[in-house]
Amino acid sequence: GENVEQHPSTLSVQEGDSAVIKCTYSDSASNYFPWYKQELGKGPQLIIDIRSNVGEKKDQRIAVTLNKTAKHFSLHITETQPEDSAVYFCAASIRKYSGGGADGLTFGKGTHLIIQP
Amino acid sequence: KAGVTQTPRYLIKTRGQQVTLSCSPISGHRSVSWYQQTPGQGLQFLFEYFSETQRNKGNFPGRFSGRQFSNSRSEMNVSTLELGDSALYLCASSLPSEKTQYFGPGTRLTVL
């Protein structure tokens, strides 16, 4: 089955600096890579996702890059703010269906991002 | 539009008991997936239901089961609870033919 590795497990950056979180996946058939942010006591919230036919995607201060050949993808957060402090998870889809329905996601272990004031 | 709702939010059970958790997806979403989150194993996929049919299943024992109703609401059941079943159980829903999954707040299950 699919295996997703995520690094680092903890990342501390100064407010205003950039943060980068990296993930690798094992199944070359995976074609969907979402990133989730989870705050204490809440469920994961989707912040950005990318599909295998795209190399990069940006949404304001957040960007994701995908290297299919190397089977890795990264989350970039620029101009970090205190509210960015949370646990971030990368994930990859493991199966594909035609005609609808969601694929089970394989998650990385998470990165605890700490924004230092 | 209301998000994914899960009930109850917190639950305490003892070993050997069984438990049923409920999930109401976002209106119009017909796919519901369940995940278990623990500090040690992280987020793990349990199963996914679409149009009342289980379409995908993770690597969990048969004590974990689920179902989906015609209104897309879903329940999961865990029988013969073990201490290791203590976890946050998350439900996620998605639109037909869409991969994006939206998570609910979870049900925190504690097994004593």
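The values are calculated or read from the model by the stated rules, or taken from the named source; none is laboratory data. Because the structure is predicted, anything quoted here is derived from the model rather than measured. Quick reminder, even Gly has a Cβ in these numbers, built from the backbone with ideal geometry, and neighbours come from all protein chains shown. Ligands, DNA and RNA are excluded from the accessible area calculation, which covers all protein heavy atoms including side chains. Shrake-Rupley method; radii C 1.70, N 1.55, O 1.52, S 1.80 Å.
Taking the numbered list (1) surrounded by fewer than 19 Cβ atoms within 10 Å (Cβ to Cβ); (2) closer than 29 Å to B:Tyr89 by Cα; (3) of a type outside the set (Ser, Thr, Tyr) in turn, A:Asp59 passes all entries but (2).
Based on this model, can you work out whether B:Leu88 counts as more than 10 Å from chain A (Cβ to nearest Cβ) and in contact (Cβ under 8 Å) with a residue 12 or more places away in the chain? In short, no. Which residues, counting only those in the stretch B:1-39, are of a type in the set (D, E, K, R) and either under 14 Å from the mean Cα position of the chain (by Cα) or not in a strand (DSSP E or B) (or both)? Residues satisfying the conditions are B:Lys1, B:Arg9, B:Arg15, B:Arg30. For the stretch A:68-77, the tally of residues that are open to solvent by less than 60 Å² (accessible area, probe 1.4 Å) and of a type in the set (S, T, N, Q) stands at 1. Checked across the stretch A:9-24, the condition of being basic (Lys, Arg), more than 30 Å from B:Gln54 (Cα to Cα) and open to solvent by 60 Å² or more (accessible area, probe 1.4 Å) holds for at least one residue. I need a count of the residues in the stretch B:11-35 that are more than 11 Å from chain A (Cβ to nearest Cβ) and open to solvent by 10 Å² or more (accessible area, probe 1.4 Å). Within the stretch B:11-35, residues that are more than 11 Å from chain A (Cβ to nearest Cβ) and open to solvent by 10 Å² or more (accessible area, probe 1.4 Å) number 14. Meeting the requirement of 3 or more residues that are in contact with a Gly (Cβ under 7 Å, 6 or more places away or on another chain) and within 14 Å of chain B (Cβ to nearest Cβ), the strands (runs of 3 or more DSSP E) wholly within the stretch A:4-117 are A:4-7, A:86-93.
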